[in-house]
Amino acid sequence: MNVLVIGGGGREHALVWKLSKSPLVTKLYCAPGNGGIAQIAECCSLNADDCAGLLKFAKEKKIQFVVVGPEVPLTKGIVDLFIENNIPAIGPSRVAAQLEGSKIFAKDIMKKAGVSTGFYETFTTSKDALKYLEGKTLPIVVKADGLAAGKGVTVAATIAEAEEAVKLILDDKIFGSAGNQLIIEEFLAGEEASMFALTDGTNVLPLVSSQDHKRAFDGDTGPNTGGMGAYSPAPVVTPQLEKEVTETIFKPIIKTMKEQGMPFKGILYAGLMIQNGKAKVLEFNVRFGDPEAQVLLPRLKTGLMEIFIALYEERLDKIRLEWTSEAAVTVVLASGGYPGKYEKSKIIHGLDLFKTDETAILFHAGTKQSNGVYSTDGGRVLNVTALGKDIKTAQENAYKAVKKIHFDKMHYRRDIADKALKRTMKEV
Ligand code: AMP
Ligand code: GLY
């Protein structure tokens, strides 16, 4: 089978890496890919959201199956487009992708499905929103309705900060039409975790747990990023909680989407806030997380292509997911300045040392290759991933491997997975 993976980050490298192991896959393509992906797939320079260009490319290359990594093409309807053209594709339709593309849509579905989430109100004018904020308990959360590249959420510690966010979204339109509406949501305290499920519109297959690290610096300080590292499993998600999330979040959402005539097929990602062993939904995403995919896929023993075909053919009830009992940790190596302004084209040293390393897997995120030399090409540059018999060993293996790599102004968090270790120690 000729398979096209859409996207060009660490998540897509992990997807391509896992698919490359499948006997069902004859040739892999990736658009746009990156320096690392180019080692195992043929990359083309089309952007991930150039739907028409990608369809043309897929027809030329006789692509037989498409896997979509990022959210933007999904919310633009890329899966509908491929399927209309008889090319099977994995991911939700345009309408179902609104679970991520519109916070208000997601809240409405949660309400219909009886899923636990923060209390909220919707606003279209700053006058009404500002009036609502008067005398509210702090902190309070302001969210642009649409996609804002992860920057649409403000957790405001003061009313002034919340007012500023409202004005920037509704009056100054800093997120364009993604900010035509916003929600103001109650602040939820607790520990965050993500859970993922594969679904064919009816059947729900939950994946093992994982946890991202969204803040830039150690101790969860500094600005929000796309994610600075992850580990799996996440002890905060107990087996009991995992069951509850499946029964009280994933299944009701999937049932409701089907009843509403918008069956959801693909990967559903629930961002959760956990307090006293109970989960509330912060957000839904309609794809694998990045960097969560980089710890989930190395733990998956079942063939990914088989799973995707079963999902597409709506027979996920016939699939049993098998996982290694080993834990996984991934550390994101970022460009100096990220998530703010950063420079590109810094030469990356030490990549050769990975060729013989059995314990670590290197996923490229923002890299490019020219004449055999790899250089930085994005904010998140590399994901150093390692397995180990437990989280502590996986963490040690990952940080040992990190030491091999260097580029000018490289920065990374030194505490990825510490939270899991602290929790496990408390329980012992
Ligand atoms: P979202 O895109 O909705 O997941 O929001 C991004 C981040 O903002 C989350 O990962 C949380 O850290 C934080 N956040 C969002 N909503 C809330 C909330 N209601 N209470 C506390 N923190 C929140
Ligand atoms: N890890 C966060 C995200 O993929 O959105």
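The values are calculated or read from the model by the stated rules, or taken from the named source; none is laboratory data. Remember, it's a predicted structure, so these values are computed and weren't measured experimentally. Here the Cβ positions follow ideal geometry from the backbone for every residue, glycine too, while neighbour counts run over all protein chains shown. For the accessible areas, the whole protein counts, side chains as well, though only heavy atoms, and no ligand, DNA or RNA atoms are used. Shrake-Rupley method; radii C 1.70, N 1.55, O 1.52, S 1.80 Å.
Based on the Cβ-Cβ distance from ASP128 to SER370, what FRET efficiency comes out when R0 is 45 Å, to the nearest 0.05? It would help to have the intermediate numbers written out before the result.
Numbers: r = 53 Å, r/R0 = 1.18.
Efficiency computed from Cβ-Cβ geometry: 0.25.
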Open item on the list: Over 13 Å apart: what share of the alpha carbon pairs of region 327-400 falls there, rounded to a whole percent?
Closed with: 66
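Could you grab the Rg to Rh ratio for region 290-365? Cα atoms only, Kirkwood for Rh. Before the final figure, lay out the partial values.
Numbers: Rg = 17.1 Å, Rh = 15.6 Å.
Rg divided by Rh gives 1.10.
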Task: Distance between region 367-428 and region 217-242 - C-alpha centres, whole angstrom - done: 14
- [ ] Enumerate the whole-percent occupancy of each 10 Å bin, from 0 to the last occupied one, for all C-alpha pair distances of region 201-254.
- [x] 22, 36, 31, 11, 0
Task: Cβ-derived FRET efficiency at R0 56 Å, MET1 paired with GLU343, nearest 0.05 - done: 0.90
Task: Rg/Rh (Cα only; Kirkwood hydrodynamic radius) as it applies to region 232-283 - done: 1.01
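Per residue and in Å³, how big is the convex hull formed by the alpha-carbon atoms of region 368-417? The partial results should precede the final answer.
Working: hull volume 4.4 nm³, N = 50.
Once divided by residue count, the hull of region 368-417 is 89 Å³.
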- [ ] Could you tell me what fraction of 2.2 N^0.38 Å the Cα radius of gyration of region 58-118 comes to, as a two-decimal ratio?
- [x] 1.36
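How big, on average over all directions, is the shadow cast by the Cα convex hull of region 281-322, in nm²? Before the final figure, lay out each step's value.
Numbers: hull surface 15.4 nm².
Averaged projected hull area, Cα only: 3.9 nm².
Divide, for region 325-367, the radius of gyration over alpha carbons by 2.2 N^0.38 Å, where N is the residue count. Each step should come with its number before you reach the end.
Details: Rg = 13.1 Å, N = 43, 2.2 N^0.38 = 9.2 Å.
Rg over 2.2 N^0.38 Å, computed on Cα atoms: 1.43.
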Open item on the list: Can you compute the radius of gyration and Dmax for region 296-428, using only the Cα atoms, both in Å?
Closed with: 17.5, 52
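Could you give me D for region 263-332, from Stokes-Einstein at 20 °C and 1.002 mPa s, where the hydrodynamic radius is the Kirkwood radius over C-alpha pairs? Units µm² s⁻¹, please. All intermediate terms of the calculation are to be shown ahead of the outcome.
Working: Rh = 14.1 Å.
For these conditions, the coefficient is 152 µm²/s.
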Task: Distance (nanometres) between label positions extended 7 Å along Cα→Cβ at ARG414 and ALA157 - done: 2.4
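What is the diffusion coefficient of region 238-381 in µm²/s, taking the Kirkwood radius over Cα pairs and the Stokes-Einstein relation at 20 °C with a viscosity of 1.002 mPa s?
Numbers: Rh = 18.6 Å.
The Stokes-Einstein estimate is 115 µm²/s.
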- [ ] Mind computing the radius of gyration and Dmax over the alpha-carbon atoms of region 64-181? Å is fine for both.
- [x] 16.9, 57
TODO: Leaving out ligands and nucleic acids, note down the accessible area per residue over region 247-357 with a 1.4 angstrom probe, in whole Å².
DONE: 43
Open item on the list: Can you give me the orientation-averaged projected area of the convex hull built on the Cα atoms of region 151-236, in nm²?
Closed with: 8.1
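Which longest uninterrupted range of the chain lacks any GluC sites (Glu not before Pro) assigned by DSSP to a loop state (not H, G, I, E or B) and surrounded by at most 12 other Cβ atoms within 10 Å? Please list the in-between numbers first.
On the way: sites that count: GLU134, GLU313, GLU322, GLU343, GLU358.
It works out to 135-312.
In the structure displayed, which of LYS62/LYS368; LYS346/LYS403; LYS112/LYS318; LYS143/LYS419; LYS243/LYS280 lie more than 20 Å apart, Cα to Cα? Walk me through the numbers before you get to the answer.
On the way: LYS62/LYS368 26 Å; LYS346/LYS403 17 Å; LYS112/LYS318 29 Å; LYS143/LYS419 27 Å; LYS243/LYS280 14 Å.
Among LYS62/LYS368; LYS346/LYS403; LYS112/LYS318; LYS143/LYS419; LYS243/LYS280, the Cα-Cα distance tops 20 Å for LYS62/LYS368; LYS112/LYS318; LYS143/LYS419.
If you take every residue apart from GLY152 with its C-beta less than 13 Å away from the C-beta of GLY152, what net charge results, scoring Lys and Arg +1 and Asp and Glu -1?
-1
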- [ ] Just the number, please: carbon plus sulfur as a percent of the accessible area of the chain, 1.4 Å probe, no ligands or DNA/RNA counted.
- [x] 51
Task: Point-to-point label distance, LYS56-ASP108, nm (Cα→Cβ direction, 7 Å offset) - done: 3.5
Open item on the list: On the Cα set of region 1-90, report Rg and Dmax in Å, please.
Closed with: 11.5, 32
Open item on the list: With bins 10 Å wide starting at 0, give me the P(r) of the chain over every alpha carbon pair, in whole percents.
Closed with: 5, 22, 32, 28, 12, 1, 0
